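**Q** One structure follows; several queries about it will come next.
The values are calculated or read from the model by the stated rules, or taken from the named source; none is laboratory data. Everything quoted here is computed from the prediction, not taken from an experiment. We place every Cβ from the backbone using ideal geometry, glycine too, and count neighbours over all the protein chains shown. Keep in mind that these areas ignore ligands, DNA and RNA; they rest on the heavy atoms of the full protein, side chains included. Shrake-Rupley method; radii C 1.70, N 1.55, O 1.52, S 1.80 Å.
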Amino acid sequence: MSLLSFYALLLATVLLLTLGLMTVFSVQQVVSAARGRDAVVDFSKYLIFAGVGLIGMWGMSLLSERALRYLAIPVLMGATALQSLVFTPLGTCTGGNCNWVEVPGIGTAQPSEFIKVGLSLYTGLIIARWFAEGRWQRLHWLVKTTAALLPAAAIALVMGGGDLGTVIILGILLAGAGWMAGLAKRWFVTLGTAGAALFIFASVISLNRRTRILVWLHPDRDDPLDIGYQPKHARWALATGGWQGVGPGSSRQKWGYLTQAESDYAYAVLGEELGLAGALLVIILFAVLGWALARIIRRSNSLYASVVVGGIMVWIIGQAIINMAVVTNLLPVLGVPLPLISQGGSALISVLLAIGIALSFARREPGAQQALRSRPGAVRRTLAVISTRRRNRA
């Protein structure tokens, strides 16, 4: 039972990634053909991102807590520096958001996804170092300001690019990490009030965001061929799927009806092809993933581990809930992908890196190290017994 968190988290991640790769390949067959490209070649490129992410996940799972602490500031600073490139000629815009950077030979990258990883590590470092023993109150105001400046700058740069959905995810990540650290209620009241004010202001000044909210409030009032197009076709995709689905690769909505079928609305295509059973399977796997992360928090003896994993948990599970709620019209369109399912190389790698960090802490649960060390010996003994029986039979 000491390795239950480790294997549950790993299994749920691999199964979700498998479903995601199936969905992405299904959609790419149509998208690539429409662009005159080979779907297999395009999917092979995406498999490279998945491979890089899995290698990164494995590498992060081997790091010690001390190494992760050392990585916190460099990762967040590096991601923030990359995010600033979206305001240079290298930056590209999609759907009103300017949060992508053109990388020669690779394509586009989204630095804000790696800010999530850096913010998880950095928040754990600050809280574990200064809040645990009440040291925050004794720190000089300049130190406090400097500590808060880096994450504030990162979030401001993301908001400057117009990606409100990612800003919301970063906000709930901070809230989740603070909750695991046992911060006072006044912090949540302050952050919640500031976040709500920012959301209202950002929605009011943007015609696109205001329209999305109005479509959500009055889905039958808007032109189904205009602003209400995507939400309606997402619901039609789920309805077409029924109980058992139309079959893998047989989605109809991916044929140009859902223009973001491979990204924000991948869950709709999955539900259409695999039916209610497939849609519920995704929900169950995310529930298992969340349970495994929560179990790591409960069994950890380190405040740093609890805060970091808490931030990762509310980021991945919260983003999954938001995406599925958008697809089913329970929330207005926010433009956040479904972790491990939606296409996006940067998003996939960042989530797998975060899972690797959680696996690192799972490996250090009470009794986990002893169990891991005993596994090779158990395997060798089993192979020895099998070999002996075969020789006796011979």
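**Q** Kirkwood-based Rg over Rh for the range 191-322 (C-alpha set), two decimals?
**A** With Rg and the Kirkwood Rh in hand, the quotient comes to 1.07.
**Q** Shifting gears a bit: Can you give me the Rg/Rh ratio for the range 1-80, using Cα atoms for both radii and the Kirkwood formula for Rh?
**A** Over the Cα atoms of the range 1-80, Rg/Rh equals 1.12.
**Q** Taking all pairs of different Cα atoms in the range 163-218, averaging 1/r and flipping that mean, what Kirkwood radius in angstroms comes out?
**A** Evaluated on the range 163-218, it is 12.5 Å.
**Q** If you don't mind, there's one more thing I want to ask. To the nearest 20 debye, what is the magnitude of the charge dipole of the chain about its Cα centre, counting +1 on the Cβ of each Lys and Arg and -1 on the Cβ of each Asp and Glu?
**A** 1940
**Q** Radius of gyration and Dmax for the range 24-132's Cα atoms, expressed in Å?
**A** 17.5, 57
**Q** With every protein chain kept in place and ligands, DNA and RNA left out, what is the accessible area per residue of the chain? Probe 1.4 Å, answer in Å².
**A** Value for the chain: 48 Å² per residue.
**Q** Oh, and also: Please find, in a Gaussian network model of the chain (springs between Cα atoms separated by less than 10 Å), the residue of Ala202, Ala305, Ala33 whose mean-square fluctuation is greatest.
**A** Ala33
**Q** Starting from the Cα gyration tensor of the chain, multiply each eigenvalue by 5, take the square root, and state the resulting semi-axes largest first in whole Å.
**A** After diagonalising the Cα gyration tensor, the semi-axes are 34, 31, 19 Å.
**Q** Please work out the Cα center distance from the range 9-73 to the range 175-192, rounded to the nearest Å.
**A** The two parts, judged by their Cα centres, are 32 Å apart.
**Q** Follow-up question, since we're still on this one. Leaving out ligands, DNA and RNA, and with a 1.4 Å probe, what % of the accessible surface on the chain is carbon or sulfur?
**A** For the chain, the apolar C and S fraction of the accessible surface comes to 67 percent.
**Q** Stokes-Einstein diffusion coefficient for the range 253-302 at 4 °C in a medium of 1.567 mPa s, Rh from the Kirkwood formula over Cα pairs: what value in µm²/s?
**A** 102
**Q** Could you tell me the convex hull volume per residue, in Å³, taken over the Cα atoms of the range 263-333?
**A** For the range 263-333, the hull spanned by Cα atoms encloses 83 Å³ per residue.
**Q** Would you kindly state how much longer the chain becomes between Leu280 and Arg66 on full extension, computed as 0.36 nm times their sequence separation minus their alpha carbon distance, in nm to one decimal?
**A** Between Leu280 and Arg66, full extension yields an extra 73.2 nm.
**Q** To check my understanding: the extent here is largest minus smallest coordinate of the Cα atoms along each principal axis. What are those three numbers for the range 300-369, in Å, largest first?
**A** 44, 23, 16
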